[in-house]
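Below you'll find the structure, written out as structure tokens, and then a few comments.
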Amino acid sequence: MTLRERLQWILRMVLLLFILSSVAFLSALTAMRFAIQGREVTMPDLVGTAAKQAQQVLRGRGLGMKIEDRVYSNLPVDAIVRQSPPPNMRVKTGQYAHVVLSLGPQKVSIPQLKDLSLRAAQVELLRSGMQLGEVSSVYLPSSAPDTVAVQNPAPGTTDVQSPHINLLVSLGPRLAAFVMPELAGLPAAEAESRLSAAGLKVSKVTPVASPDQSAGTVLAQAPLRGQRVDSNSTIELQVAQ
């Protein structure tokens, strides 16, 4: 075999190997694509379907179901009102359909909760077949602490969808606040007198041995100078003994 014939033979072998490798790669890619598609199903339309029936339909497609909320609607009790992912979407097997179930038509009006304590409001909601939603707090000078100042939806409302009632609860009047003064170096009696004049009091005094300071001199304080304090703040002093 001449050199030219040998080179031609080598080139033919290389080309053949390239073709075989390309075919193998394309075959593997196609098989992988079919395998991935084989693990996908179409999300069924569940809206209006009873929860138990929907679970059976989903289980037949290798899917699960999670109940995210319950709302009032004209659909029967436990019928699906909303779903996610939406119908006809391609999803992988094992995925969950997140659904909202119906409580049926609302049969009660929102109770009056204003001026009730948070605990009493919770009891009233349970008695009315409703649930406590988000609770926010705010300082209100005209309301007693731990009482409902605002509710949403308003009392007497009947055209609501959710059984959850959100409340704004009063923390009462905001306490007068002060900036913590520097007390280190003062006699303990003078430091306590200054705090008392601002409506503050020392809750703990810790004697500390300090040969460099006169007995009764404030060595350290907590909170530190410049921090915000009020009449409920815990103030501690370390005093030379």
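The values are calculated or read from the model by the stated rules, or taken from the named source; none is laboratory data. Note that this is a predicted model, so its numbers are computed, not measured. So basically every Cβ, Gly included, is an ideal-geometry build from the backbone, and we count neighbours across all protein chains shown.
Please state which of the following conditions Thr93 fails to meet, knowing it meets all the rest: (1) within 30 Å of Gly64 (Cα to Cα); (2) within 24 Å of the chain's Cα centre (by Cα); (3) modelled with pLDDT under 95; (4) not acidic (Asp, Glu).
Condition not satisfied by Thr93: (2).
If Val150 satisfies every condition in (1) touching a Leu at 6+ places or on another chain (Cβ under 7 Å); (2) in a loop (DSSP other than H, G, I, E, B); (3) outside the structural domain of Leu219 (by TED's automatic domain parsing) but one, which is the exception?
Every condition holds for Val150 apart from (2).
Among the strands (runs of 3 or more DSSP E) confined wholly to segment 68-147, which include 1 or more residues that are of a type in the set (Lys, Arg)?
80-84, 90-92
Do any residues in segment 123-142 that are closer than 18 Å to Pro163 by Cα have Cβ atoms under 9 Å from those of residues that are of a type in the set (Val, Ile, Thr) and not in a strand (DSSP E or B), where the two are at least six apart or on different chains, and which pairs are they?
Within 9 Å, the pairs are Ser128/Val108; Ser128/Ile110; Gly129/Val108; Met130/Val108; Met130/Ile110.
Output the residues belonging to segment 156-175 that are over 27 Å from the mean Cα position of the chain (by Cα), closer than 30 Å to Lys107 by Cα and of a type outside the set (Val, Ile, Thr).
Gly156, Asp159
Residues in segment 189-201: is at least one part of a strand (DSSP E or B) and on the phi < 0 side of the Ramachandran plot?
Among the residues of segment 189-201, not one is part of a strand (DSSP E or B) and on the phi < 0 side of the Ramachandran plot, which makes the answer no.
Taking the stated definitions as given, is Gly62 outside any loop (DSSP other than H, G, I, E, B) and either at pLDDT below 95 or surrounded by 12 or more Cβ atoms within 10 Å (Cβ to Cβ) (or both)?
no
Can you name every residue in segment 138-152 that is buried (at least 17 other Cβ atoms within 10 Å of the Cβ) and not hydroxyl-bearing (Ser, Thr, Tyr)?
Leu140, Val148, Ala149, Gln151
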